[in-house]
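Comments concern the structure below.
The values are calculated or read from the model by the stated rules, or taken from the named source; none is laboratory data. Computed from a predicted model, the values in this text were never measured in an experiment. A quick note on method: Cβ atoms are made from the backbone with ideal geometry, for glycine too, and the neighbour counts reach across all protein chains shown.
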Amino acid sequence: MSTPAEGESSTPALSAKLEPQNVIVHPIVLLNAVDHYNRVARDTKRRVIGILLGEISRGVYDITASFAVPFEEDDKDPSIWFLDHNFLEQMHGMFKKVNAREKVIGWYSTGPRIRPGDIEIDKLVRRYTPTPAYVIIDVKPVSMNIPTTAYFAAEESKGDGNPPQWTFKHINSEIGAMESEEVGVEHLLRDVKDTTISTLANQVSGKLAAIRGLQERLEEIDGYLKQVTAGKLPINHQIMYMLQDVFNLLPNVAVEELVKAMSIKTNDMSLAIYLASIIRSVVALHNLINNKLVNKERERSAEDKEKEREKDKDKDAKVKRETVVSAPKDAAPKPNADK
């Protein structure tokens, strides 16, 4: 086992000991993870592991870059695994030359869930950062949720006299990007999206995906409350406070003025969408008619040119025939004057 990379302190600073509160994953990290998986473990049950680089500010982990690390593990015995930390140190040194602000702040895997050997891998990563974030990136997402789940390892004591054990605690994760990254993502999506689908259809698809995501969240809340009611899960007062805030923010649909205002706004939006669809249809028909007229003009001009060519061919053939007929008369022999 090797020691931490040169230039890094083995004693974490006080600010670094703060527990992670939120993880922001940039699009380039997701692209790197997907590319890593497709190159190494595509169409297999294996997972890939890499290192996350970025900055930490007041418990917020801003993950701006990542790189792959050679990793192998035994499918039958999860305690047997190999991670090339020498390669990790070399890659970190090269990244440090490019951007000194980006430091090792965690690691990622393609999961899709936590495995028994992850605690030991996290201990290895803690050589390079005191509180690493562990992000599971779903490279084959099924639902419309964000493809990242973040955790951090912490010691937990059950109070039964046994020594505390290391376990993973869940933290919030989100997808964030700078302006330049947003432009790059838009360019990539142009090749992915179907350009034949109208903007209105894309908006409807986006709304439908959002409603499906909301339905999944509501079903998850419903399942949690049922388990709490049945006594299968303990009451988490923080979750209850958040649910109470959600219910308090819901509009009171029993008020007649609110219902009327919502109906007017909905009708106005529907009218605008209806008029936009009609205008678009009229413009499309207008362009179709113009296209047909242009095609007819081209066909007529092509026919006229063809007729002119045929006339020219007929004239040339007639001139040739007249030349052939008149040639023998001119070539007839003159009578002999002596006779």
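Which of (1) within 29 Å of GLN203 (Cα to Cα); (2) loosely packed, with under 10 Cβ neighbours inside 10 Å does VAL324 not meet, given it meets every other one?
(1)
Can you tell me which residue in the range 89-120 is surrounded by the most Cβ atoms within 10 Å (Cβ to Cβ), limited to those that are aliphatic (A, V, I, L, M) and over 30 Å from GLU216 (Cβ atoms)? Steps first, answer last, please.
Initial filter on the range 89-120 (aliphatic (A, V, I, L, M)): 91, 94, 98, 100, 104-105, 114, 119.
Now restrict to residues that are over 30 Å from GLU216 (Cβ atoms): 91, 94, 98, 100, 104.
Values: MET91: 18, MET94: 9, VAL98: 8, ALA100: 9, VAL104: 23.
The residue in question is VAL104.
Here's the yes/no breakdown for (1) buried (at least 18 other Cβ atoms within 10 Å of the Cβ); (2) within 21 Å of TRP166 (Cα to Cα); (3) modelled with pLDDT under 90; (4) aliphatic (A, V, I, L, M):
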residue: ARG42; (1), (2), (3), (4): no, no, yes, no
residue: VAL60; (1), (2), (3), (4): no, no, no, yes
residue: SER66; (1), (2), (3), (4): yes, no, no, no
residue: HIS85; (1), (2), (3), (4): yes, no, yes, no
residue: THR131; (1), (2), (3), (4): yes, yes, no, no
residue: LYS140; (1), (2), (3), (4): no, no, yes, no
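State yes or no: is PRO70 modelled with pLDDT under 90, over 14 Å from VAL135 (Cα atoms) and not small (Gly, Ala, Ser)?
Working: modelled with pLDDT under 90: no; over 14 Å from VAL135 (Cα atoms): yes; not small (Gly, Ala, Ser): yes.
Considered against the rule, which asks whether it is modelled with pLDDT under 90, over 14 Å from VAL135 (Cα atoms) and not small (Gly, Ala, Ser), PRO70 comes out as no.
Can you tell me which condition PRO116 does not meet? The list is (1) over 21 Å from the mean Cα position of the chain (by Cα); (2) in a strand (DSSP E or B), and all the others hold.
(2)
So which helices (runs of 4 or more DSSP H) stay within the range 174-270 end to end and still have 2 or more residues that are over 32 Å from the mean Cα position of the chain (by Cα)? Quick ask: steps written out before the conclusion?
Details: elements: 179-192, 199-229, 237-249.
Counting at least 2 such residues, we get 199-229, 237-249.
Of the residues that make up the range 255-274, is at least one loosely packed, with under 10 Cβ neighbours inside 10 Å and outside the structural domain of ASN145 (by TED's automatic domain parsing)? If you could, list the steps in order and put the result at the bottom.
First pass over the range 255-274, keeping only residues loosely packed, with under 10 Cβ neighbours inside 10 Å: 256-257.
This time we only want the ones that are outside the structural domain of ASN145 (by TED's automatic domain parsing), so: 256-257.
The answer is yes, given that some residue of the range 255-274 is loosely packed, with under 10 Cβ neighbours inside 10 Å and outside the structural domain of ASN145 (by TED's automatic domain parsing).
Tell me, please, whether a residue that is part of a loop (DSSP other than H, G, I, E, B), polar (S, T, N, Q), over 29 Å from the mean Cα position of the chain (by Cα) and closer than 23 Å to GLY59 by Cβ can be found in the range 150-170.
Taking the range 150-170 first, the residues part of a loop (DSSP other than H, G, I, E, B) are 157-164.
Next cut, polar (S, T, N, Q) only: 157, 162.
Then keep just the ones that are over 29 Å from the mean Cα position of the chain (by Cα); that gives 157, 162.
Within this subset, residues satisfying the condition of being closer than 23 Å to GLY59 by Cβ are 157.
Yes, some residue in the range 150-170 is part of a loop (DSSP other than H, G, I, E, B), polar (S, T, N, Q), over 29 Å from the mean Cα position of the chain (by Cα) and closer than 23 Å to GLY59 by Cβ.
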